[in-house]
Amino acid sequence: MKVIDHIKQAKSTLFSFEILPPLKGKSICSIYEGIDPLMEFKPKFINVTYHREEYVYKKRDGGYLEKVSIRKRPGTVGICAALMNKYKTDAVPHLICGGFTKEETENALIDLQFLGIDNVLALRGDPIKTEPAFVPEPDGNKYAVDLVKQIVELNKGAYQDEEIRQAAPTEYCIGVAGYPEKHFEAPNMNHDLRNLKAKVDEGADYIVTQLFYDNEKFFAFVKACREMGITVPIIPGLKPITLKKQVVTLPKFFHIDIPVALAEAFEKAKTDEQCKEIGIEWSIQQSNELIKFGVPCLHYYTMGKSDAVKRIASGVF
Ligand code: FAD
C-alpha cells in the first residue's frame, strides 16, 4: 500500500522508521534483530536507505596505489522485498540520482515494481566522499526533481525508449526530502523551498524531513512550505542522540543545529548511560509536541540501532 494512502486512512499519528542495509559481509539477520523489537508499534512502512559506491585506494605489490570502487552497503532492493515478505509491512526503498543513468534508474524501478513495491523516496544523493561536489552520470538525473519527473513519466507508461509509449504504467507513490534547517548547498531558505516546491509540483506525494532537534524550526518550515503553496503531508524525521560525540558529529554530517539546552545537558552528563537518557527524553518530548502539532507520522532514523527508538516509541505510542 502507498505511504500516502496510509496517511489518508490514519486515525492517529503513524509510526515509521528508517534502516540501513548491513555492511557487506553481514547477514540480513542483523537487520531483523534491529526491526523485531519495533514491530509491536505497528510501523506502516519501513524506509531502507541506498548507499552508492565509494572510492578507496588499495596498496598493491610494488607499492603502487590502485583506485578501487566499493559499495559498503548493497542490498536495498533485496531487503525491501524481504521486509515486505517477513513483516507484511510496506517498504520504502530510497532511490538516488548519483551513480545511475536514467536507463539504470528505469530498470531499478521495474525491478521494484515487479517485487510489489509501490513506494520510493526520490533523492539526489550526496557527493561521493572523495569528490567536492555532486556529479551526475552523463545520462543521469542531476537533481531529485529530475528523478521525480522520470518516475512520474513511468507512472504514465512512458519509458526511456521512445518506442515504448503507453506501455505498462508503474504506480509509485513518491516521497522527497525536505530540510527544516536548509539544505547545505542552497544559498538561502527561500531558494531551497522553491526547489522543494518544484519536486512537489512535479508529482511528489509527501515530504520527509532531515533530522532536527528544535521543533520550532520544524514548525517554521511547515509554515513557510504552506505559505509557498506546498500542501502535501510533511513527515518529521527524528533521531535520538545517544552518544556525547554526536553533539559534534551530527551537525557536521547533517548541517543542523543542536539547541543550547540539549548541548549543555550533554556537556554535564558524566556517563554514556546519562547521555542516552538525555537523548531519549529529548526525543520523547519532541515527539509528543509534534503529535500535538498534528504531524501525520513520526519517522525515526534508527541508524542500525533500535533500542533507543524502542524506548521512545514506548513513551509516545
Ligand atoms: P535535491 O532536492 O536535488 O536538492 C539538492 C540541492 O540542490 C539543494 O540545495 C537544492 O536547493 C538544490 N536544487 C534542487 N533543484 C535545483 C535546481 N533545479 N537548480 C538549482 N539547485 C537546485 N542520501 C543517500 O545517499 N542515500 C539515502 O538513502 C538518503 N536518504 C535520505 C533520506 C532523507 C529523509 C533525507 C532528508 C536525506 C537523505 N539522503 C540520502 C541525503 C540526500 O541525498 C542529501 O541530502 C543530498 O545532498 C540532497 O538530496 P535531495 O534529494 O534533497 O536533493
**Report entry** Answer from Thr271, Thr302 - the residue that is hydroxyl-bearing (Ser, Thr, Tyr) and closer than 30 Å to Lys8 by Cα
**Finding:** Thr302
Requested in this report: Please verify whether the range 54-68 includes one or more residues that are under 18 Å from Leu109 (Cβ atoms), open to solvent by 50 Å² or more (accessible area, probe 1.4 Å) and free of Cβ contacts under 8 Å to residues at least 60 places away in the same chain.
Outcome: no
Query raised in the report: Only one residue in Pro187, Pro236 is within 16 Å of the ligand (Cβ to nearest atom) and in a loop (DSSP other than H, G, I, E, B), so which one is that?
Result: Pro187
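Name the residue that is farthest from the ligand (Cβ to nearest atom), counting only residues in the range 41-53 that are open to solvent by 40 Å² or more (accessible area, probe 1.4 Å) and over 16 Å from Thr76 (Cα atoms). Outline the logic, then answer.
Step one: of the range 41-53, the residues open to solvent by 40 Å² or more (accessible area, probe 1.4 Å) are 42, 44, 50-51.
With the extra rule that they be over 16 Å from Thr76 (Cα atoms), the set shrinks to 42, 44.
On the way: Lys42: 21, Lys44: 16 Å.
So the residue we want is Lys42.
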Query raised in the report: Among the listed residues Pro132, Pro138, Pro169, which satisfies the condition of being under 24 Å from His191 (Cα atoms), of a type outside the set (D, E, K, R) and open to solvent by 30 Å² or more (accessible area, probe 1.4 Å)?
Result: Pro132
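Quick one: which residue in Leu193, Leu147 is open to solvent by less than 30 Å² (accessible area, probe 1.4 Å), farther than 30 Å from Gly279 by Cβ and out of contact with any Lys or Arg (no Cβ under 7 Å at 6 or more places or on another chain)? Steps first, please.
Details: Leu193 fails: farther than 30 Å from Gly279 by Cβ.
Of the residues listed, the single one that is open to solvent by less than 30 Å² (accessible area, probe 1.4 Å), farther than 30 Å from Gly279 by Cβ and out of contact with any Lys or Arg (no Cβ under 7 Å at 6 or more places or on another chain) is Leu147.
Quick one: which of Lys88, Lys102 is among the basic types (Lys, Arg), open to solvent by 10 Å² or more (accessible area, probe 1.4 Å) and in contact (Cβ under 8 Å) with a residue 40 or more places away in the chain?
Numbers: Lys88 fails: in contact (Cβ under 8 Å) with a residue 40 or more places away in the chain.
Criteria check complete, one pass: Lys102.
Being open to solvent by less than 60 Å² (accessible area, probe 1.4 Å), more than 9 Å from the ligand (Cβ to nearest atom) and within 18 Å of the chain's Cα centre (by Cα) narrows it down to one residue among Val77, Val152; which is it?
Values: Val152 fails: within 18 Å of the chain's Cα centre (by Cα).
Residue meeting the stated conditions: Val77.
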**Report entry** Test for Glu163: is it more than 10 Å from the ligand (Cβ to nearest atom), more than 14 Å from Lys102 (Cβ to Cβ), exposed (fewer than 13 other Cβ atoms within 10 Å of the Cβ) and not hydrophobic (A, V, I, L, M, F, W, C)
**Finding:** yes
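If a residue counts only when it is under 21 Å from Lys197 (Cα atoms), which helices (runs of 4 or more DSSP H) contained entirely in the range 64-167 have at least 1 such residues?
By residue number, 144-155.
Among the residues of the range 208-260, which ones are on the phi > 0 side of the Ramachandran plot and either out of contact with any helix residue (DSSP H, G or I) (no Cβ under 9 Å at 6 or more places or on another chain) or open to solvent by less than 30 Å² (accessible area, probe 1.4 Å) (or both)?
Here is the first cut: in the range 208-260, the ones on the phi > 0 side of the Ramachandran plot are 229, 255.
If the condition is that a residue be on the phi > 0 side of the Ramachandran plot and either out of contact with any helix residue (DSSP H, G or I) (no Cβ under 9 Å at 6 or more places or on another chain) or open to solvent by less than 30 Å² (accessible area, probe 1.4 Å) (or both), then His255 is the only one that fits.
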Query raised in the report: Given the conditions (1) acidic (Asp, Glu); (2) under 25 Å from Pro93 (Cβ atoms); (3) over 19 Å from the mean Cα position of the chain (by Cα), and given that Asp205 satisfies all but one, which numbered condition is not satisfied?
Result: (3)
Query raised in the report: Being buried (at least 16 other Cβ atoms within 10 Å of the Cβ), under 18 Å from the mean Cα position of the chain (by Cα), part of a helix (DSSP H, G or I) and modelled with pLDDT of 95 or more, is that true of even one residue in the range 295-307?
Result: no
Query raised in the report: Of the residues Ile79, Ile110, which is more than 22 Å from Gly140 (Cα to Cα), out of contact with any Cys (no Cβ under 9 Å at 6 or more places or on another chain) and touching a residue at least 60 places away in the same chain (Cβ under 8 Å)?
Result: Ile79
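The values are calculated or read from the model by the stated rules, or taken from the named source; none is laboratory data. As the structure is a prediction and not an experimental result, all values here were calculated from the model. So basically every Cβ, Gly included, is an ideal-geometry build from the backbone, and we count neighbours across all protein chains shown. Each accessible area value is taken on the protein alone, full model and side chains, heavy atoms only, with ligands, DNA and RNA left out. Shrake-Rupley method; radii C 1.70, N 1.55, O 1.52, S 1.80 Å.
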